[in-house]
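The values are calculated or read from the model by the stated rules, or taken from the named source; none is laboratory data. Predicted model only: the values in this text are computed from it and were never measured. Cβ atoms come from the backbone with ideal geometry, glycine included; neighbour counts cover every protein chain shown.
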Amino acid sequence: MNTGQNIIAGMPMTNKLEARTPTVSAGRKPTPSHSFIKGRTLLQHIFFGMFRGAVVINALALAIIVGFLLWYGFPALSWTFISSPPTDSMTKGGILPCIVGTVLLSLGAMFVAMPLGVSAAIYLHEYARPGKMLRIIRLGVNNLAGVPSVVFGLFGLALFVTWMGLGVSILSGSLTLGFLILPVIIGTAEEALRSVPQTYREASLGLGATKWQTISKVVLPAALPGMLTGAILSLSRAAGETAAIMFTAAVFFTPVMPKSIFSDVMALPYHIYVLATAGTNIELTRPLQYGTSLVLIFLVLGMNLVAIVLRAKLRRKMG
Amino acid sequence: MASAKDRQGKERVIKAFFFGTAFISVVVLALIMLFLFMEGLPTFRFISPGHFLFGSDWYPTDENPDFGIFPLLMGSVTVTALSSLIAIPLGIMTAIYLAEIATPRVREVIKPMVELLASLPSVVIGFFGMVVVAPFLQNVLDIPVGLNLFNAALMLAFMSVPTITSVSEDAIHSVPRELREASLALGATQFETIAKVVIPASLSGISTAVILGMSRAIGETMVVLMVAGGAALVPGSIFDPIRPMPSSIAAEMAEAPFRSQHYYALFAIAIVLFLMTFLFNLAADYISNKHKQVGAATL
């Protein structure tokens with residue numbers, strides 16, 4: 001890997017550790033510094049053990065959370081749960097309106113952010129020259145990525161819901177979520193553009209194509225699969241977002257399916273929050289809460305896994 | 001066929017269009033500030049900034065309401081500090097393992113795992129903290145409430161670990177190979193090389209990672225809303241319930257009458273929150289630009 005293969009010339013790389021601490025493998029006979037060397041390798045063993053331990057802790061955290069939701073959530077899943085609306089003051093029934101709401105909101109966010117994000121990435125990677133302007137734009141993108149989601153929620157409330165008069169609606173929520181995932185899309189689209197070999201551009205320009213022809217006919221098609229990966233990732237980010245939609249799109253309960261983009265909706269993440277903290281009977285509806293969480297996790301982790309696999313395939317193809 | 005001049009004009013229009021879309025991020029950021037200030041600044045018509053920031057009573061719905069956010073501020077600061085104590089070592093150690101020790105095969109498993117951890121929706125982590133960690137803490141440590149500062153910090157830590165890990169890993173990766181080879185050739189062990197060469201060389205990137213991780217923790221809403229306990233008090237111990245700023249906004253906004261004092265005060269909290277994360281991000285940006293590793297020669 002990046003540490004290099006034959007660092008110490010002539011040493012066969014049988015064991016990583018051995019090769020990198022040649023004094024130990026070579027120093028058979030005890031020398032005055034033997035215990036010193038032993039201490040150094042011991043130190044390495046201790047610290048490497050700690051590094052491995054950190055990874056194990058992370059893996060455990062993920063496994064415990066997902067495993068726990070599977071264990072308790074799975075019994076709650078059924079066809080009725082997926083396909084019917086909540087009944088009896090949300091103590092029974094299913095989560096169909098929440099699934100519909102979450103899908104609509106995330107797709108709406110994509111609709112807002114994808115064209116903007118991809119064009120912004122095209123500017124940043126294909127057109128921009130280093131300078132003050134570029135610094136400002138980069139600063140803007142980076143800071144937008146760091147704005148807390150609850151602040152996005154308030155921003156959406158003040159601008160879209162109130163000032164533009166769009167009300168608590170799919171449209172307000174999609175716009176808010178769209179700007180929230182914009183930096184993610186810009187980042188992944190730029191990475192996709194970066195992975196297109198420079199020779200593609202040179203070949204096209206060399207044949208007399210203009211810059212725009214090169215971008216639209218050569219660079220973009222080559223970068224498209226990578227951009228798709230980014231799109232899936234940001235779709236999953238939008239689907240799991242709660243604080244940004246609680247004042248802009250999501251409502252506690254609505255008995256009807258959304259009719260237009262001006263309707264308010266129920267959403268999976270908000271539904272979990274409502275049932276777990278403010279529901280009619282918090283203890284009684286635990287199975288519903290587990291079930292809803294599991295459905296959300298399936299959606300989000302599923303999309304992420306697809307994106308990860310897709311990206312791994314792409315990287316292999318691109319070399 | 002179009003003349004060369006037409007073609008150039010068209011190219012210029014296209015470039016301007018793309019520039020416009022790229023500039024939208026800056027515009028949105030400016031709009032966020034504008035609207036936060038528009039809805040938040042009226043707070044200071046009925047309360048002084050000093051009283052707002054350092055007042056110790058948050059009674060927004062009282063007959064004689066008081067809007068001192070000091071307990072909320074301290075809630076945010078303590079929960080972020082405690083979660084950083086957990087997340088920073090965990091995140092950096094994971095990054096070192098991924099970048100320096102893991103074989104490519106192991107890496108291919110661990111890296112997606114860290115990404116999946118990052119993709120867990122915050123509401124699910126909050127739910128987990130509520131129904132699993134809180135009762136567990138209550139039983140094991142024999143404390144009155146499981147929804148407290150410690151629980152929230154723990155949950156937040158696992159949300160910022162992926163950020164810290166992936167940014168640090170990139171930084172460690174970008175350390176030129178020659179530096180490692182030189183150190184190993186001088187007889188240093190792999191660990192000594194990591195501790196004395198690789199880490200110092202990637203320190204600016206790691207600092208950026210830490211700042212971004214903390215920024216994520218301070219702005220995270222759902223976890224603190226569900227797990228921190230919700231008491232607007234300056235915590236005396238790590239097992240006290242707290243009410244960090246984001247949770248106050250999220251919990252009270254729905255009930256605050258439109259453009260009431262309470263409404264304005266919540267927007268003013270959002271200004272404080274925004275400015276804090278903004279400063280964190282500016283600092284991260286500054287450090288990563290200032291000390292960019294461009295080759296072996298810059299060390």
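Of the numbered conditions (1) surrounded by fewer than 24 Cβ atoms within 10 Å (Cβ to Cβ); (2) assigned to a helix (DSSP H, G or I), B:Pro257 satisfies every one except a single condition; which is it?
The failed condition is (2).
A:Leu69 is checked against (1) under 19 Å from A:Thr242 (Cα atoms); (2) of a type outside the set (Phe, Trp, Tyr); (3) assigned by TED's automatic domain parsing to the domain that holds A:Ile181 and fails just one. What number does that condition carry?
Status for A:Leu69: all satisfied but (3).
Are any residues in the range A:161-187 buried (at least 24 other Cβ atoms within 10 Å of the Cβ) and among the aromatic types (Phe, Trp, Tyr), and if so, which ones?
Within the range A:161-187, just A:Phe179 meets the criteria.
Per-residue answers, yes or no, for (1) modelled with pLDDT of 90 or more; (2) touching a helix residue (DSSP H, G or I) at 6+ places or on another chain (Cβ under 9 Å); (3) under 19 Å from A:Val150 (Cα atoms):
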{"site": "A:Ser236", "(1), (2), (3)": "yes, yes, yes"}
{"site": "A:Ala243", "(1), (2), (3)": "yes, yes, yes"}
{"site": "A:Thr248", "(1), (2), (3)": "yes, yes, yes"}
{"site": "A:Phe253", "(1), (2), (3)": "no, yes, no"}
{"site": "A:Ala267", "(1), (2), (3)": "yes, yes, yes"}
{"site": "A:Thr285", "(1), (2), (3)": "no, yes, no"}
{"site": "A:Ile297", "(1), (2), (3)": "yes, yes, no"}
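Among the residues of the range B:127-142, is there at least one that is touching a Pro at 6+ places or on another chain (Cβ under 8 Å) and within 30 Å of A:Ala239 (Cβ to Cβ)?
No: zero hits.
Within the range B:270-279, restricting attention to residues that are more than 7 Å from chain A (Cβ to nearest Cβ) and touching a residue at least 12 places away in the same chain (Cβ under 8 Å), which residue is nearest to B:Pro42 (Cα to Cα)?
Within the range B:270-279, the match that is nearest to B:Pro42 (Cα to Cα) is B:Ile271.
Residues to consider are B:Thr189, B:Thr193; find the one that is surrounded by fewer than 24 Cβ atoms within 10 Å (Cβ to Cβ), more than 27 Å from B:Met113 (Cβ to Cβ) and of a type in the set (S, T, N, Q). Break it down into steps so the answer makes sense when it comes.
On the way: B:Thr193 fails: more than 27 Å from B:Met113 (Cβ to Cβ).
The match here is B:Thr189.
Out of the residues in the range A:252-280 that are buried (at least 19 other Cβ atoms within 10 Å of the Cβ), among the aliphatic types (A, V, I, L, M) and assigned to a loop (DSSP other than H, G, I, E, B), which is farthest from the other protein chains (Cβ to nearest Cβ)?
Of everything passing the filter in the range A:252-280, A:Met266 is farthest from the other protein chains (Cβ to nearest Cβ).
Given the structure, is B:Pro246 of a type outside the set (Gly, Ala, Ser), within 30 Å of B:Val123 (Cα to Cα) and assigned to a loop (DSSP other than H, G, I, E, B)?
Values: of a type outside the set (Gly, Ala, Ser): yes; within 30 Å of B:Val123 (Cα to Cα): yes; assigned to a loop (DSSP other than H, G, I, E, B): no.
Considered against the rule, which asks whether it is of a type outside the set (Gly, Ala, Ser), within 30 Å of B:Val123 (Cα to Cα) and assigned to a loop (DSSP other than H, G, I, E, B), B:Pro246 comes out as no.
Could you pull out every one of the helices (runs of 4 or more DSSP H) wholly within the range B:44-128 that has 2 or more residues that are touching a residue at least 60 places away in the same chain (Cβ under 8 Å) and of a type in the set (A, V, I, L, M, F, W, C)?
Details: elements: B:49-54, B:70-96, B:104-119, B:122-128.
Filter on the range B:44-128 gives B:49-54, B:70-96, B:122-128.
Among the residues of the range A:188-236, which ones are within 10 Å of chain B (Cβ to nearest Cβ) and either hydrophobic (A, V, I, L, M, F, W, C) or surrounded by fewer than 20 Cβ atoms within 10 Å (Cβ to Cβ) (or both)? Full working, then the answer.
Our first condition is that a residue be within 10 Å of chain B (Cβ to nearest Cβ); within the range A:188-236, this holds for A:210-213, A:215-216, A:233, A:236.
Correct list: A:Thr210, A:Lys211, A:Trp212, A:Gln213, A:Ile215, A:Ser216, A:Leu233.
Consider B:Phe35 carefully, then state whether it is part of a helix (DSSP H, G or I), without any contact (Cβ under 8 Å) to a residue 12 or more places away in the chain and not assigned by TED's automatic domain parsing to the domain that holds B:Ala270. Show your work before the answer.
Values: part of a helix (DSSP H, G or I): yes; without any contact (Cβ under 8 Å) to a residue 12 or more places away in the chain: yes; not assigned by TED's automatic domain parsing to the domain that holds B:Ala270: yes.
So B:Phe35 passes the test.
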